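What follows is a short report on a single structure.
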Amino acid sequence: MESWSIYKEFRFEAAHRLPHHDGKCRRLHGHSFVGRIYVRGDRLIESGAKQGMIIDYSDLKKYLKPLLNDYLDHHYLNDTTGLENPTSEELARWIYHQLEAAGLPGLSAVEIRETCTSGCLYSVNSHQ
Ligand SMILES: [Zn+2]
């Protein structure tokens with residue numbers, strides 16, 4: 001069966017600290033995070049303004065906006081997310097579950113990059 005994966009990239013500046021880390025990440029510091037949310041679908045909308053799409057990119061933005069405003073951009077992630085140890089991995093999972101709870105259809109993965117060369121992709125195996 002055919003399918004499509006689309007993504008929307010987003011950016012935010014934020015501070016965090018990893019209290020258990022044995023190096024400098026234990027200290028309060030910040031990143032220019034880059035993330036992507038991935039949505040997967042096996043059929044395209046057949047008519048109307050969104051014909052030929054899985055979901056409108058601007059709709060993806062609407063799901064991201066409250067997360068960015070209220071929890072991520074220019075926030076201290078240890079406080080706003082409630083994560084004691086907000087690694088990229090924990091943050092990607094947290095964002096995934098927030099989007100899932102908000103009802104984003106077709107959500108398949110969340111990617112978080114802390115630096116230009118380091119990042120992670122979180123997904124849930126739906127075949128289990
Ligand atoms: Zn860090």
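Within region 30-82, track down each residue that is under 15 Å from Glu114 (Cα atoms) and assigned to a loop (DSSP other than H, G, I, E, B).
Passing the criteria: Asp73, His74.
Just a yes or no: is a residue in region 67-75 closer than 17 Å to Ser123 by Cβ, open to solvent by less than 70 Å² (accessible area, probe 1.4 Å) and modelled with pLDDT of 95 or more? Before the answer, list the steps.
Filtering region 67-75 for residues closer than 17 Å to Ser123 by Cβ gives none.
No - not one qualifying residue is present in region 67-75.
Anything in region 84-118 that is surrounded by 17 or more Cβ atoms within 10 Å (Cβ to Cβ) and outside any helix (DSSP H, G or I)? List them, or say none.
Applying the first criterion (surrounded by 17 or more Cβ atoms within 10 Å (Cβ to Cβ)) to region 84-118 yields 86-88, 90-96, 98-99, 104, 107-114.
Pro86, Thr87, Leu104, Leu107, Ser108, Ala109, Val110, Glu111, Ile112, Arg113, Glu114, listed by residue number.
Counting just the residues of region 98-127 that are acidic (Asp, Glu) and within 17 Å of His31 (Cβ to Cβ), which one comes out farthest from the ligand (Cβ to nearest atom)?
Within region 98-127, the first condition is being acidic (Asp, Glu), and the residues that meet it are 100, 111, 114.
Still in the list and also within 17 Å of His31 (Cβ to Cβ): 111, 114.
Values: Glu111: 16, Glu114: 6 Å.
Once the filter is applied, the top-ranked residue is Glu111.
Restricting attention to region 1-29, report how many residues are open to solvent by 50 Å² or more (accessible area, probe 1.4 Å), in a strand (DSSP E or B), under 22 Å from Asp73 (Cα atoms) and not charged (D, E, K, R).
Keep residues of region 1-29 that are open to solvent by 50 Å² or more (accessible area, probe 1.4 Å), which gives 1-5, 7-9, 11, 13, 17, 20-22, 24, 26-28.
Now drop any that are not in a strand (DSSP E or B), which leaves 4-5, 7-9, 11, 13.
After this cut, where a residue has to be under 22 Å from Asp73 (Cα atoms) as well, the list is 7-9, 11, 13.
Narrowing further to those that are not charged (D, E, K, R): 7.
Looking only at that region, the number is 1.
Filter region 12-53 down to the residues that are under 16 Å from Ala109 (Cα atoms) and within 16 Å of the ligand (Cβ to nearest atom), then identify the one that is farthest from the chain's Cα centre (by Cα).
Val34
The values are calculated or read from the model by the stated rules, or taken from the named source; none is laboratory data. Because the structure is a prediction, the values reported are computed rather than measured. Here the Cβ is made from the backbone with ideal geometry for all residues, glycine too, and neighbour counts use every protein chain on show. Accessible surface areas use protein heavy atoms only, side chains included; no ligands, DNA or RNA. Shrake-Rupley method; radii C 1.70, N 1.55, O 1.52, S 1.80 Å.
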